[in-house]
Amino acid sequence: MNQVKRVAFEVALSIIILVLFFSGLYEAIPAPMQLLSMKVVLVSVGMLHAHAMGKLFFPAVDWKGKLRPAHFVRIMLYAIIPLCYAFGG
């Protein structure tokens, strides 16, 4: 249940904006706000993807201990994947 709380904000934000897109209200929003909302969705989905990749393919990291290469892999994972999603949109 703790893991669901960590990604609840990204899931909720993505769902709200996707409902806005599919409901037809997207055209009523000014163009700069459309771009901003699309980037928010892309980054949120990128964060969910990075979280899933970290949980599935990389071992758990103890953040209280000494810095190890696994720490830098996690940091890069959470920085690069959302950035790629945002640039791809």
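The values are calculated or read from the model by the stated rules, or taken from the named source; none is laboratory data. Remember, predicted model here, so these are calculated numbers, not experimental data. Because the Cβ atoms are built from the backbone with ideal geometry, glycine has one as well, and the counts that use them run over all protein chains shown. Note: accessible area is taken over every heavy atom of the protein model, side chains too, but ligands, DNA and RNA are not part of it. Shrake-Rupley method; radii C 1.70, N 1.55, O 1.52, S 1.80 Å.
Pairs of Cα atoms under 8 Å, at least six residues apart: use those to get the relative contact order of the chain, whole percent.
Averaging sequence separation for qualifying contacts and normalising by length gives 36 percent for the chain.
Averaged per residue, what accessible surface does the chain expose to a 1.4 Å probe, in Å²?
72 Å²
If you take all C-alpha pairs in the chain, what percent of them are over 18 Å apart?
Tail of P(r) above 18 Å: 53 percent of Cα pairs.
Nearest 10 degrees, 0 to 90: what angle lies between the long axis of helix 69-88 and the longest principal axis of the chain (Cα atoms)?
The angle comes out near 10 degrees.
Cut-off under 16 Å on the C-alpha distance; same-chain residues fewer than 8 positions from K55 excluded. Which lysines are left, in chain and number order?
Within the straight-line limit of under 16 Å, K55 reaches these lysines: K5.
Express the carbon and sulfur contribution to the solvent-accessible surface of the chain as a percent, rounded to the nearest whole number, probe 1.4 angstrom.
76 percent
If exposed means no more than 11 neighbouring beta carbons inside 10 Å and the site is in a DSSP loop, what's the longest run of the chain without any exposed trypsin sites (Lys or Arg not before Pro)?
Longest site-free region, per DSSP loop and neighbour criteria: 1-63.
Going by average Cβ neighbours within 10 Å, how do the peptides 40-46, 24-30, 82-88 rank, with the highest at the top?
Descending packing order for the listed peptides: 40-46, 82-88, 24-30.
Normalised by the number of residues in the stretch 40-88, what is the relative contact order in percent for Cα pairs under 8 Å and 6+ residues apart?
Computed over the stretch 40-88, the figure is 67 percent.
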